[in-house]
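Each remark here refers to the structure printed beneath this line.
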Amino acid sequence: MRVFASGETMTTSHDCPASEELAAYIDGMLGPEEAARITEHLASCERCYELYTEVLRFQLDSAEAEAVDSGGKVVTFPQLSSKRPRVPELDRDKVSSPSRWRGVPWWIAVAAAAMVMAGLGFGLYRALFAPAPSLAVANLTKPLEQYPAVADNLWAYAVHRGGGDEYEESSLAAFQVGALLVDFRVAAQEGRAKKASELLKKIGITLKPVLLMDDKGEYFIAESNRIDSAESLGRAARMLAAEESGLADSTLEPMILDFGKWTEAARLAAIYREPSFFSRDNRRFLRSLLKSEELGLDDEVLARLRQIEEVWDKGSLQPADYAALAKSFQGILGYYNFRSS
């Protein structure tokens, strides 16, 4: 990863601004033309945008932590100086840990608040500081609706029964069910009743060994057996869409459930070279996966995610890039397609 050091000018294919320019932009010290140039650059350069938002995000986290440490009192900032503070050295390998940013000067947090107060709007505030979006199947599969016969390329998932501990079963099942939810919706949209029935049954069988999910698994299996027409397929599709949020509130790990959805939808989007899937929101979820320590992702999975990050961040994806992405997503699916026993 690249380090922005004070005074360094970084020259890339995106003509990225130097760290001091970005600092001046953050604290509002650039003229209108220079500010507009960097605003335009941030809209098109994922790496600079990520760096920019992470600096603001983690400094605000630090300010909140300091408020807690002070007994809940408001932390007062020093009076603004006419001399612009020296921009800190920013290591993009270190942005995942808020504690490492406790020493970053207070002026970044003040500038962030000032930008929002100055009228950049609640939409930008949400873009900078909101958590990764919840990944609904309907949103993930929408870019695929324009392509015929997507159901011919669904995940070749073989149902595996358990044998591991409860955490392993829940985590494994969450990912598998997430991917199967995407595949079911694709099959249902194409009117493939037999395929959709098989997928719904796989969801049920996958859920049965999971703690407190046996009844739900049985329910889905029973519903899969009722799919024998376009009408019954539509009913099952509506049922499963309504059940999606409930699965996220069950004993399944919600972020792993989303991980499964995201991976299968992304693999299909890469196969069909659909650029709209590879948006900033979906990129934010990738960043969340790489930053999370609680998920306990295996090194093999993390390596695949970093490969995906490297390709995704190129911006304008070429056929070879889509092929590389599809291969990496397939590798993640392959990792989760195994017996836990």
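The values are calculated or read from the model by the stated rules, or taken from the named source; none is laboratory data. If you're wondering where the values come from, they're calculated on a predicted model, not measured in any experiment. Glycine also receives a Cβ, built like all others from the backbone with ideal geometry; neighbour counts cover every protein chain displayed.
The table for this structure:
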| read-out | value |
| --- | --- |
| Hits in segment 191-206 (condition: buried (at least 18 other Cβ atoms within 10 Å of the Cβ) and not in a helix (DSSP H, G or I)) | Arg192 |
| Within segment 15-50, tally of residues that are in contact with a Gly (Cβ under 9 Å, 6 or more places away or on another chain) and farther than 25 Å from Val311 by Cα | 2 |
| Residue list for segment 128-176, restricted to those being at pLDDT below 60, assigned to a helix (DSSP H, G or I) and of a type outside the set (D, E, K, R) | Leu128, Phe129, Tyr167 |
| First in segment 327-341 and over 16 Å from Val182 (Cβ atoms), second anywhere and hydrophobic (A, V, I, L, M, F, W, C) and at pLDDT 85 or above, Cβ under 7 Å, 6 or more apart | Ser328/Ile308; Tyr335/Val301; Ser340/Leu172 |
| Candidates Val301, Val311 - the one that is at negative phi, free of Cβ contacts under 8 Å to residues at least 40 places away in the same chain and in contact with a Leu (Cβ under 6 Å, 6 or more places away or on another chain) | Val311 |
| Residue that is under 22 Å from Asn139 (Cα atoms), buried (at least 24 other Cβ atoms within 10 Å of the Cβ) and of a type outside the set (D, E, K, R), where the choices are Ala237, Ala241, Ala179 | Ala179 |
| So Ser279, is it of a type in the set (S, T, N, Q), surrounded by fewer than 17 Cβ atoms within 10 Å (Cβ to Cβ) and either out of contact with any Cys (no Cβ under 7 Å at 6 or more places or on another chain) or in the same structural domain as Val210 (by TED's automatic domain parsing) (or both) | yes |
| Unmet criterion (only one of (1) in a helix (DSSP H, G or I); (2) at pLDDT 70 or above) for Phe58 | (2) |
| Of the criteria (1) at pLDDT 95 or above; (2) under 30 Å from Leu42 (Cβ atoms), which one Phe277 fails | (1) |
| Subset of segment 267-276 [closer than 14 Å to Ala151 by Cα and surrounded by 21 or more Cβ atoms within 10 Å (Cβ to Cβ)] | Arg267, Leu268, Ala269 |
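Here's the yes/no breakdown for (1) free of Cβ contacts under 8 Å to residues at least 12 places away in the same chain; (2) under 13 Å from the mean Cα position of the chain (by Cα):
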site: Ser232; (1), (2): no, no
site: Ala236; (1), (2): no, no
site: Ser245; (1), (2): yes, no
site: Asp249; (1), (2): yes, no
site: Trp262; (1), (2): no, yes
site: Ala270; (1), (2): no, no
site: Phe277; (1), (2): no, yes
